[in-house]
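Written out below as structure tokens is the structure these notes cover.
The values are calculated or read from the model by the stated rules, or taken from the named source; none is laboratory data. Owing to the predicted nature of the structure, the values given are computational and were not obtained by experimental measurement. Methodologically, a virtual Cβ is constructed for each residue, glycine included, from the backbone with ideal geometry; neighbour enumeration extends over all protein chains shown. The area values use the complete protein model at the heavy-atom level, side chains included, leaving out ligands, DNA and RNA. Shrake-Rupley method; radii C 1.70, N 1.55, O 1.52, S 1.80 Å.
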Amino acid sequence: MTEASLNVDAITAGYRGRPVLRDVSLSVPEGKVVGIVGPNGHGKTTLLRCISGMLPLSSGQIVFRDRILKGLAIEKIAELGVIHIPQGDLIFPDMSVRDNLLMGAYMPAAYANVEQHLNAVHDLFPVLLERRDQIASTLSGGERRMLGIGRGLMCGGRLLMIDEPSLGLAPIVIEQIYAVLNELKREGRTILLVEENAARMLDLVDDIYLLDHGELVWNGTPAEFEERQEVLETYLGADL
Amino acid sequence: MNGAGFIRMTPIRRDIAIGLFFLAIAIAIPFIDSSRSTMTQVILLFIWASIVTQWNLVFGVAGIFSLAQMAVFTMGGYTAAMLSLYMGWSLWLTSFLGAFMAVLVSGIIGAATIRLRGAYVALLTIGFAVVMQVLILTDSDCFFYRGVTCYNFTGGSSGLSQFGDFGFRDWLGYKQSLVGKYYLALFLLVLGTIFALVIMRGPFGYAFRALRDNANCASSQGINRVKYQILVFALSGFFTGLSGAFYAGHYKTIGPTMLDLSVLLLLLSMMVVGGLGRAWGPLLGCIILMFIDDQLKVYAEWRTVGTGAITILFIIVFRQGVAGLIEQLWERLLALRGARTAGASATNDKATG
Amino acid sequence: MEAFLQILFSGLTLGAMYALSAVGLTLLWGVVGMLNMSQGVMLAIGGYASYSAITYLGLPWPLGLPAAIIGGFITGLVFYHVMVRWMYRAPAFEVNIIIATVGAAIVLESLMIRVFTGYPLDQPFSLPGGFRIGGIQLPFQTLINLSVAGIMTLGLGWLLRSTRLGRAIRATAQRRDAAQLLGVPVARVYLQVMIMAGIIAAISGVMLTASVANLSPYAGTNPMLKAFFICAIAGLGNIPAAVGASLILAFIEGSIQYSVSARFGFPTMLGLAIVVLIWRPYGLFGQRTVERS
């Protein structure tokens with residue numbers, strides 16, 4: 001058993017007193033890739049927002065490498081190495097691609113090795129090197145997603161949380177992005193991946209959680225998931 | 001009527017109850033104390049309250065941050081004063097013409113700001129007020145002569161005067177004339193308040209709130225923003241302009257100082273302290289601010305500092321204003337009572353069960 | 001020829017003044033999303049800080065400028081800790097901060113009247129005289145003001161474009177959430193920008209009061225109002241556009257003053273602003289992305 005990087009312990013959270021997450025517990029072991037799957041609007045993004053400190057917890061505890069995250073500011077949690085790559089394209093639209101990436105290395109520890117990080121990201125996404133002086137808002141949807149992920153990688157964090165990396169992209173681009181995620185896995189990165197459908201991630205992840213109506217309803221390995229896929233799909237009333 | 005009954009009333013009935021309460025006090029005041037100082041103070045309160053009530057419609061209810069309210073007011077006052085002065089018409093007639101002029105100007109401002117949001121509305125509307133003030137202040141061409149003295153069209157920096165008044169002195173005599181003006185001011189305020197309440201509680205109010213809270217969603221439901229924005233500006237302009245005309249007739253003078261930023265701030269703090277967008281906020285805010293101002297009279301030079309500081313305090317800490325605080329208190333009271341009766345019935349059930 | 005020079009020089013003088021007033025205003029809007037109605041008094045504070053240091057403390061006149069910078073620093077600090085800090089996360093910030101800064105403007109103006117009286121004073125930090133070209137005088141102070149406006153714009157542009165702090169400021173302005181997730185302490189960025197705006201306003205205030213206007217608590221009001229129009233036309237948040245628009249509008253105003261009457265300078269600007277905003281609701285070069293709901 002590897003040591004746990006992130007431990008989420010029985011958290012409840014929501015907006016304006018209405019709970020979106022109820023009693024959610026999960027753990028991400030060091031060096032592993034964990035996937036969270038579930039229909040849209042059932043709390044996946046909310047869970048990531050809780051971990052990165054954007055949404056306060058009503059109850060429960062989140063521990064990252066022996067540090068309790070509750071009450072820490074968003075930027076402090078980022079400094080500990082929890083990197084949240086948010087859903088959609090929260091890139092800086094009026095900045096160049098290069099400046100977007102440099103912003104990823106804002107934190108002092110990352111800034112000290114900025115050239116090294118930049119080269120690593122350019123190796124993974126050569127298109128970002130080609131377009132380095134282009135204004136980010138003029139990129140295509142796939143390029144933006146690559147920029148978002150690349151910017152997150154610039155942080156040099158210890159845990160990557162990626163929210164729906166395949167959302168709204170053409171199949172060929174999704175393949176490119178998953179190739180990069182596989183590469184990151186080979187490097188031994190710890191990743192928490194959120195997707196609506198499990199199909200894409202089955203070859204990538206070590207562990208899958210199912211999130212339904214704000215609660216974790218199932219947990220197992222990809223192999224176990226495939227065995228029980230039909231039962232689970234009937235239960236959730238959705239394609240997984 | 002007991003407290004719980006009052007709490008559970010529909011908003012419209014509650015408005016009527018609150019309105020009658022204030023009205024009764026206002027009607028009674030001259031019978032209790034008709035001294036000159038009290039009358040002038042309360043008349044001024046009525047004027048401010050009339051303006052703020054209409055501003056509250058534009059800003060608080062429709063959510064359009066216009067800073068041109070005093071420009072509309074001044075437009076009403078100047079139009080009435082100038083028509084009476086140059087045409088010799090009665091101020092009663094010109095007041096209405098002034099109000100219509102205010103409707104026109106207010107509608108134009110509403111139309112000019114249609115596509116703008118937040119800060120840009122503020123920029124343009126304050127610009128409008130400033131330009132109006134500058135044009136009046138720099139007006140130095142002779143328009144007519146009284147004796148050898150030259151007078152400007154707008155009266156310039158000293159403003160306009162000697163355009164007559166509402167004639168209360170001839171009807172009621174010197175002593176009672178102030179009381180007459182008092183009731184006229186009260187009448188205007190009551191009309192303006194009824195109008196505002198009808199707008200807020202009626203289908204118009206729903207449309208305005210929908211536009212304020214989510215313009216895109218509202219327009220997809222067929223609420224026409226252009227129509228409503230021009231309408232809210234124009235309608236609120238009518239009573240604002242009328243107040244301006246009354247102001248001119250009451251003080252027998254009107255000048256560009258009404259466009260000063262300090263006047264705007266005073267009214268803004270009345271609205272903020274009372275409660276933005278709340279039906280009774282403007283009236284409460286005016287009463288509170290006038291009271292505080294009166295208390296600070298001894299420290300004359302600190303009055304504006306106090307007004308500014310109170311505004312900042314309320315906008316940061318109590319954005320719902322005094323009216324909002326009272327409402328919250330009310331709801332808590334209601335919840336408390338509800339809990340108690342529920343608790344009582346529960347124990348009853350136990351006893352019978 | 002003489003008329004042309006007249007318009008050119010008065011346009012330059014006014015343009016430099018407007019540019020000085022507009023830079024701080026548009027910086028605050030661009031980053032914090034804050035229309036600062038206290039810009040006028042912040043200009044006056046700079047003027048008085050310089051005046052006090054030279055007149056009351058007896059410092060040599062060049063030290064007026066550092067004194068103003070200290071004054072502006074303190075003003076920015078106070079504005080952040082008293083107002084911005086408590087407000088920027090709350091809904092309707094855009095409107096609330098306008099109301100709050102109107103309140104602050106009145107408070108500070110009254111305090112300045114208390115301390116310095118309302119009577120106009122002479123700004124001791126100034127350079128009298130000027131060049132004479134074709135019988136028309138071009139004051140030295142106008143050239144200084146133009147240079148200061150230019151240096152501040154270029155300096156600010158360099159800072160925003162090429163430094164780590166500047167990138168963080170731009171990132172915060174464009175996507176606050178995303179910046180925070182990358183470890184940017186947004187509260188500190190806002191504080192830094194508020195202080196920068198305070199200092200810029202204070203320096204501008206010294207230059208303004210040294211040039212056309214006398215030093216009084218109201219000295220900054222007119223420049224602020226003109227800067228409003230300029231920013232509305234140029235689009236809030238774009239610094240080079242604000243400076244360009246300042247010069248262009250100043251020449252238009254100068255020509256109108258010369259050919260028609262000084263009265264119509266303001267109304268012309270309003271008219272232009274209305275026309276531009278009807279055509280483009282976010283100004284000619286405005287940043288729509290800054291708007292927050």
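The table for this structure:
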quantity	calculated
Under-5 Å amide H pairs with A:Ser59, H placed in peptide plane, nonlocal only	A:Thr12
Accessible area that becomes buried as C packs against A, both chains, 1.4 Å probe, Å², nearest 100	2200
Compactness of the protein assembly as shown, expressed as Rg and Dmax over alpha-carbon positions, Å	31.7, 107
Between helix B:261-274 and chain B: long-axis angle, C-alpha atoms, 0 to 90°, nearest 10	20
Of the DSSP H helices in chain C, those whose Cα atoms cover at least 18 Å axially and whose Kyte score averages -0.5 or more	C:2-32, C:39-55, C:64-79, C:93-116, C:140-162, C:186-210, C:221-234, C:239-259, C:265-279
Value of Rg to Rh for region C:138-293 (Rh from inverse mean 1/r over Cα pairs, i.e. Kirkwood)	1.01
Convex hull of region A:4-236 built on C-alpha atoms - directionally averaged projected area, nm²	12.4
Charge tally in the Cβ shell below 13 Å around A:Leu160, where Lys, Arg are +1 and Asp, Glu are -1, A:Leu160 excluded	+1
Listed residues B:Ile315, B:Ile25, B:Ile136, most fluctuating in chain B (Gaussian network, C-alpha, under 10 Å)	B:Ile25
Helix B:168-201 vs. chain B, principal-axis angle (Cα, 0 to 90°, nearest 10)	50
Simple spin-label estimate for A:Arg67 and B:Ser158 in nanometres, 7 Å along Cα-Cβ	7.3
Gaussian network model of chain C, springs between alpha carbon atoms under 10 Å - residue of C:Ala262, C:Ala100, C:Ala16 with greatest fluctuation	C:Ala262
Interface burial for B against C (accessible surface, 1.4 Å probe, total of both chains, Å², rounded to 100)	3600
Minimum 40 Å² accessible area buried by the other protein chains, region B:315-336 residues, probe 1.4 Å, relative to alone	B:Ile315, B:Ile316, B:Arg319
Integer Hz, Karplus 6.51/-1.76/1.60 couplings in order for region A:37-52, x for Gly and Pro	10, x, x, 5, x, 10, x, 5, 5, 4, 4, 5, 5, 5, 5, 7
Long-range amide H partners of C:Gly130 with built H, under 5 Å	C:Phe140
Cα coordinate range in region C:1-129, projected on the principal axes (Å, largest first)	54, 42, 24
Radius of gyration and maximum dimension Dmax of region B:104-188, Cα, Å	19.2, 52
For region B:260-346, the Rg and Dmax computed from alpha carbons only, in angstrom	17.0, 61
Distance in nm between pseudo-label sites at C:Ile144 and B:Asp141 (7 Å out along the Cβ direction from Cα)	4.0
Region A:47-152, dipole about Cα centre (Lys/Arg Cβ +1, Asp/Glu Cβ -1), debye to the nearest 20	380
Total lysine pairs under 24 Å (Cα atoms) in the protein assembly as shown, excluding pairs fewer than 8 apart on one chain	9
Distribution of pairwise C-alpha distances over chain C, 5 Å bins, in %	1, 6, 12, 17, 18, 17, 13, 9, 5, 2, 1, 0, 0
Per residue accessible area of the protein assembly as shown, 1.4 Å probe, in Å²	43
Among A:Leu129, A:Leu210, A:Leu69, residue whose mean-square fluctuation peaks in a GNM of chain A (springs only between Cα atoms under 10 Å)	A:Leu129
Amide H partners (placed H, <5 Å) of A:Ala4, local residues excluded	A:Glu30
Between 0 and 90°, nearest 10: helix A:222-236 axis offset from chain A longest Cα axis	60
Selected from C:Ala49, C:Tyr282, C:Gly11, residue furthest toward positive end of dipole (chain C; charges at beta carbon)	C:Tyr282
Quotient of Cα Rg and 2.2 N^0.38 Å for chain B, N being how many residues it contains	1.10
